[in-house]
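Quick note: the coordinates plus some simple rules give every number you see, no bench work behind them. Remember, it's a predicted structure, so these values are computed and weren't measured experimentally. When we count neighbours, we look across all protein chains shown, and the Cβ atoms used for this are built from the backbone with ideal geometry, even at glycine.
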2 protein chains.
Amino acid sequence: MYAEIITIGDELLIGQTINSNAAWMGQELNKIGIDVYQVSTISDDKNHIVDALKDALKRTELVLITGGLGPTRDDITKYTLAEYFNSPLVRNENVYTQVEKMLKKRSIPMNDLNRKQAEVPEKARIFINYAGTAPAMWFELEGKVVIAMPGVPYEMKELMTKQIFPSISQHFKTPVIIHRTILTYGTFEAKLAEILTDFEEQLPSEIKLAYLPTEGVIKLRLSGRGAREEKIVKMIDGEIEKLYKIIPGYIFGEQDDSLEKIIGVLLKKKGETLSTAESCTGGLIAHRITAVPGSSDYFIGSVIAYSNLIKEKHLGVDPGSIDEFGAVSRQVVEQMAQGVRERFSAGYSIATSGIAGPAGGTAEKPVGTVWIAVADKKGIYSRKYTFGNNRLRNIRRSTLAGLNLLRQYIKGEMDHI
Amino acid sequence: MYAEIITIGDELLIGQTINSNAAWMGQELNKIGIDVYQVSTISDDKNHIVDALKDALKRTELVLITGGLGPTRDDITKYTLAEYFNSPLVRNENVYTQVEKMLKKRSIPMNDLNRKQAEVPEKARIFINYAGTAPAMWFELEGKVVIAMPGVPYEMKELMTKQIFPSISQHFKTPVIIHRTILTYGTFEAKLAEILTDFEEQLPSEIKLAYLPTEGVIKLRLSGRGAREEKIVKMIDGEIEKLYKIIPGYIFGEQDDSLEKIIGVLLKKKGETLSTAESCTGGLIAHRITAVPGSSDYFIGSVIAYSNLIKEKHLGVDPGSIDEFGAVSRQVVEQMAQGVRERFSAGYSIATSGIAGPAGGTAEKPVGTVWIAVADKKGIYSRKYTFGNNRLRNIRRSTLAGLNLLRQYIKGEMDHI
């Protein structure tokens, strides 16, 4: 089954806002078995809205509209749809109560503009927007469905997830679709696809595998489609079990996990603590670790040692090692890791030293050369990486590589490194 | 004058890729005086491409198409357009040379698929793609122009900036439009608009002011349109001068500046160095500072002191101060700033201590309470901020506030804080 998306807003056309709503809706519609045929981005203009809607309804039986439902004069989507569906506006008491509640929460007085938010087209089915004031509206005409939602991303997402997707699934009797996502790190999409060729071929026809590459992390999404939920769940569970056997060294988590969240879980389970000694990553490893709520339970702190003097004075790196091997070397990065672990009395530590660029490269150690070490009281492990030419990308890739190395070291999975 | 954009690609419809190309094109077209009427995102399907193109040509005289120009089987844009414009494919030697060059650079052997990249519609004007293999194509029909470009963002941007925008300006005789962007930090859009009411009213009709809010930073873009470039430049310069007089405390840079770049420029000019002592920002200030190329010239390093013990042992904070005033206090954050400056022998320092959340808040110091201090050898300045409930947003807002405070302190602009 196909749907179309119409996103309304001048800010999208002038490029002030990137259309992330359409991407999110496309992803989520796929999950309930609906393909997006076209996305049309148009201006807050009555004739334009009507033309785009007419065109979309010629092509599909479900049209999702976002934007133009605010209280200001340029928001005309509701009035345009009321006229198009020949459905006069009437006051809806449930919406009014919600508008009152939101205004009170934001300490904004009720006025005529806000009061109008509670007027909705008579024939529309109304979904209360618990995160804002503009409700979503569901219109039906000649077997086709048109749904209008506010354009504020978190309001739209909340409405769709909790109310609109279930209603669409019920109305169009879409099949049951179950998804599970496996997160991998450490290889490229093409390589992974090669390794998983046989796995993909043996998949039952109900199960599909999708590769979703992001920066460094490749997500593998298994989707199962069928009539009976329990059966699909069981089939997917079985396939996931196989994946864990084929690529154990690449899988680090599922669904919404991240390397730093997993590290936190592992450290908490062990009752251990962590510190970092960062040169080329400049604090990004510490930032990612501390972005996780509750990280103060296991994260003690870091020394960011950009200058060699700090490496010597505050991490105890031997000046002779820097002279002999250079700051970007196994010897120095291991001393950094040991130094911060001992001085900060931490159970685990990670250290980075590399040439992020654009300057600082040599023939022997070009831009992109990075050493990373992880240590605990029992030992130390270090490894050299070779990244590219872009400074920011080198910093990010070093951070991800470091987080993954640390995760593997804490888990004791050093045979996979 | 209006244009339409058609972005082709299944990855956009399933939401795997966010349509950032359309936003960039919208922004850049505005700069040469062209408004985008509609953006249509469609699949790699011949009939769909033809339908969308016909619809767009009914509405506008310029259609920009991106995507579907790669060498693989699902890339059908070129073949579809060749048929639509009744223009058989012929080999273009300049394109062939470029394809050869790119393949050699990437160590890929020439094959039939790559060779086909050099075949282009006979009637099309060709723009060589110096960043890739697929050239851009310019078609004309009944006074209207259709331009097809590759969808890879940096290839598209390079082609548009260097070759296509100049050709569009020349073909459609668009007016001269000059832009200058002023970057502000420290207030909200509504507040800025209020302060600038009189300024906006006195602007000559040739000059328009646009507010472009991003996270924390509000960009003010002045655009001037007219027949004579020198006259417009002079008018904009005059208006910018006025802005610097009206809101000197908010402006921190122009065009592509960032707070961390400006800090680097200021430190280099003074021959000074910097260190950070971060608690709630967890290394994000250091990361932003070190993301700037050449930052190793002035950035020495940091102590990220998440635990109180590190604040005491490695920054010299008095345990009595932590007991009496708490870690989130003026007393402690000032000692952190002094401590890192002295121990790291830095000219300047910045320190942060706050409650990022979700846990750790009290009635007296709720989640979002943050103290920031900046110091140099002459003195110290500290300030309390009150942000919100979201952990990651609190970390980011503290980082921006800290960078701005540091910038003002280095500049000696403390009367604006």
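Among the trypsin sites (Lys or Arg not before Pro) in the range A:136-183, those placed in a DSSP loop whose Cβ has at most 16 other Cβ atoms within 10 Å are A:Lys173.
Could you work out the relative contact order of the range B:306-417, using alpha carbon pairs under 8 angstrom and six or more residues apart, expressed as a whole percent?
20 percent.
Would you mind telling me the antiparallel percentage of the DSSP bridges in the range A:264-416, rounded to 5? Here the antiparallel bridges make up roughly 55 percent for the range A:264-416.
Since only B:Gly186, B:Phe172, B:Val90 are under comparison, the one whose Cα sits farthest along the positive direction of the charge dipole of the range B:70-202, derived from C-beta charges on Lys, Arg, Asp and Glu, is B:Val90. Under the combined filter of DSSP loop state and at most 13 neighbouring Cβ atoms within 10 Å, the range B:176-207 retains these chymotrypsin sites (Phe, Trp or Tyr not before Pro): B:Phe188.
Here A:Lys54 is the anchor, and the lysines within straight C-alpha reach of less than 17 Å, apart from those fewer than 8 places off in the same chain, are A:Lys46, A:Lys78, A:Lys144, B:Lys54, B:Lys58. Normalised by 2.2 N^0.38 Å, where N is the number of residues, the C-alpha radius of gyration of chain B stands at 1.25. Computing Rg and the Kirkwood Rh from the Cα coordinates of the protein assembly as shown gives a ratio, Rg/Rh, of 0.97.
Of all lysines in the structure, those lying under 19 Å Cα to Cα from B:Lys245, and not within fewer than 8 positions of it along the same chain, are B:Lys191, B:Lys208, B:Lys219, B:Lys234, B:Lys411. When A:Lys234 is represented by a point 7 angstrom out along its Cα-to-C-beta vector, the spacings to that point in the other copies are 8.4 nm, nearest first.
Shielding value for B:29-38 is 3, the average number of Cβ atoms from other chains within 10 Å of each residue's Cβ.
Counting other Cβ atoms within 10 Å as a rough exposure proxy, the listed residues A:Trp371, B:Trp138 run B:Trp138, A:Trp371 from fewest neighbours to most.
Sorting the Cα pairs of the range B:259-416 by distance into bins of 10 Å, from 0 upward, gives 12, 45, 34, 9, 0 percent per bin. Think of the range B:259-416 as a dipole: +1 on every Lys or Arg Cβ, -1 on every Asp or Glu Cβ, centred on the Cα centre; then among B:Ser275, B:Phe325, B:Gly412, B:Gly412 lies furthest on the positive end. Each of A:Gly316, A:Ala351, A:His287 was placed along the dipole of the range A:264-416 (beta-carbon charges, centred on the mean Cα), and the one lying farthest toward the positive end is A:His287. Taking every C-alpha pair closer than 8 Å and separated by at least 6 residues, the mean separation divided by the residue count of chain B gives a relative contact order of 10 percent. For the range A:2-171, a crude dipole built from +1 on the beta carbon of Lys and Arg and -1 on the beta carbon of Asp and Glu, taken about the Cα centre, is about 520 debye to the nearest 20. Among B:Met336, B:Met102, B:Met137, whose mean-square fluctuation peaks in a Gaussian network model of chain B (Cα, cutoff 10 Å)? Greatest mean-square fluctuation among the candidates belongs to B:Met102. Around the Cα centre of the range B:221-262, unit charges on the Cβ atoms of Lys, Arg, Asp and Glu (plus for the first two, minus for the last two) sum to a dipole of about 280 debye.
Here the protein assembly as shown is assigned +1 on the Cβ of each Lys and Arg and -1 on the Cβ of each Asp and Glu. Its dipole about the Cα centre then comes out at about 1380 debye.
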